[in-house]
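Okay, so here's the structure we're looking at.
The values are calculated or read from the model by the stated rules, or taken from the named source; none is laboratory data. The model shown is predicted, which means the values in this text are computed figures rather than measured ones. Glycine gets a Cβ as well: all are built from the backbone with ideal geometry, and neighbour counts include every protein chain shown. These accessible areas exclude ligands, DNA and RNA; they are computed on the full protein's heavy atoms, side chains included. Shrake-Rupley method; radii C 1.70, N 1.55, O 1.52, S 1.80 Å.
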Amino acid sequence: MCMNEYDFIAIGTGSGLDVANVVANQGQAVAVVEKGPLGGTCLNRGCIPSKRLLYHADIKETIDRSEAFHIESEITNVDFESIVNEVNEDIASDAASIREGIKSADSIDLFEGTAAFVDDKTIEIQEGQDAGKTITADEILIAAGTRPTVPDIAGINSVDYLTSQEALELASPPEHLVVIGGGYIAAELAHFFGSFGSEISIIGRRQHLLPHVDEEVAKFFTAQYSDRFNVYTGYEAVEVNQAGETISVTACPYPSDESDGGSIEVSGTELLIAAGRRPNTDLLEMENTAVETDEQGYIEVNKYLQTSVSGNWALGDIVGEYLLKHNANHEAQTVVD
């Protein structure tokens, strides 16, 4: 087996790339592993495309209520497909630019594929164009992020559903979008598609949408959304079915032991699963290392982002502290220091 030896390996090219660049500038040999477009979740599947699309929705909403500002206006056409294509083409261009920058750097080697641990300090590249290559380093940074969680709902594998990633690429707004989940991703995408004409139904387990914000804010937000959309809070999706172009969701009161209410059925033309995120540790074959994870699979670190294996670090969403780009950037600086 041909082994490529480095001083430092970074798994993931979101905020982990910030650390890799600093280490490379110190003259060390650096390898970066990435299975998808470079730039991480924020650039490719998260904050940037979603906020850019939401801006279009905000513009349309402002025009729709222009009479409140004593301005008469009329929208004669919305080229929804061009809106989505423009955003996604710009994102792809940015990711490609990052890739070209890394490929042209003398001090960083890019390995394209999925990282799988062989032991604490050895990684085999699986899938991708560098599949089969093996790399090792005394210091490894795990910054491989998270992906959408798909709950264990009866029938889920037999229906066509979207996650946030596919939803950000839809060429037209759904006629009726049913959303399972009541967090910020569900709220953002409901606002986006709802602003462009989709009927929206949201099924959330908690008593309010945005359950992790202050209760007063969550109550107010839920009331606002209830005026715009079909909102079912305090319900858990337990079964989904599809007949032709119609997808039906059966939901029961949650928690079931605290309610005597009956089940509800909500039907639409598209189903969006926005029920949280899960760490990508299960894709990295972490069982081959002594790096400790918690019950949900997030990597456990100390206040310096050190894992239970000396010389191995972790940051960003895969740590599970705050799944937010600004936090990941702060953590990257901590690792650099």
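Observations on the structure shown:
- Flag if SER82 is touching a Ser or Thr at 6+ places or on another chain (Cβ under 7 Å), free of Cβ contacts under 8 Å to residues at least 24 places away in the same chain and more than 22 Å from ALA274 (Cβ to Cβ): no
- Breaking point among (1) in a loop (DSSP other than H, G, I, E, B); (2) open to solvent by 20 Å² or more (accessible area, probe 1.4 Å); (3) out of contact with any helix residue (DSSP H, G or I) (no Cβ under 8 Å at 6 or more places or on another chain), for VAL291: (2)
- Subset of region 71-91 (residues that are open to solvent by 60 Å² or more (accessible area, probe 1.4 Å) and within 25 Å of GLU34 (Cα to Cα)): ASN85, GLU86, GLU89, ASP90
- Single match in ASP152, ASP160 (criterion: of a type in the set (Asp, Glu), free of Cβ contacts under 8 Å to residues at least 24 places away in the same chain and either outside any helix (DSSP H, G or I) or open to solvent by less than 50 Å² (accessible area, probe 1.4 Å) (or both)): ASP152
- Test result for THR222, more than 29 Å from ASN157 (Cα to Cα) and either open to solvent by 70 Å² or more (accessible area, probe 1.4 Å) or within 24 Å of the chain's Cα centre (by Cα) (or both): yes
- Residue in region 35-45 that is open to solvent by 10 Å² or more (accessible area, probe 1.4 Å), in contact (Cβ under 8 Å) with a residue 60 or more places away in the chain and over 25 Å from ALA190 (Cβ atoms) present: yes
- Among the residues of region 163-193, the ones that are open to solvent by 20 Å² or more (accessible area, probe 1.4 Å) and touching a helix residue (DSSP H, G or I) at 6+ places or on another chain (Cβ under 8 Å) come to 9 in all.
- Whenever a residue of region 195-218 is charged (D, E, K, R) and surrounded by fewer than 19 Cβ atoms within 10 Å (Cβ to Cβ), its partners that are at pLDDT 95 or above and not in a loop (DSSP other than H, G, I, E, B), lying with C-beta atoms within less than 9 angstrom and at least six residues away or across chains, give the pairs GLU199/HIS176; GLU199/LEU177; GLU199/ASN230; GLU199/GLY268; ARG206/ALA218; ARG206/THR233.
- Qualifying positions in region 294-337 - of a type in the set (Ser, Thr, Tyr), without any contact (Cβ under 8 Å) to a residue 24 or more places away in the chain and either surrounded by 21 or more Cβ atoms within 10 Å (Cβ to Cβ) or assigned to a strand (DSSP E or B) (or both): none
- For region 229-250, filtering for residues that are in a strand (DSSP E or B) and among the acidic types (Asp, Glu) leaves 2.
- Residue among ALA275, ALA243 that alone is of a type in the set (A, V, I, L, M) and surrounded by fewer than 18 Cβ atoms within 10 Å (Cβ to Cβ): ALA243
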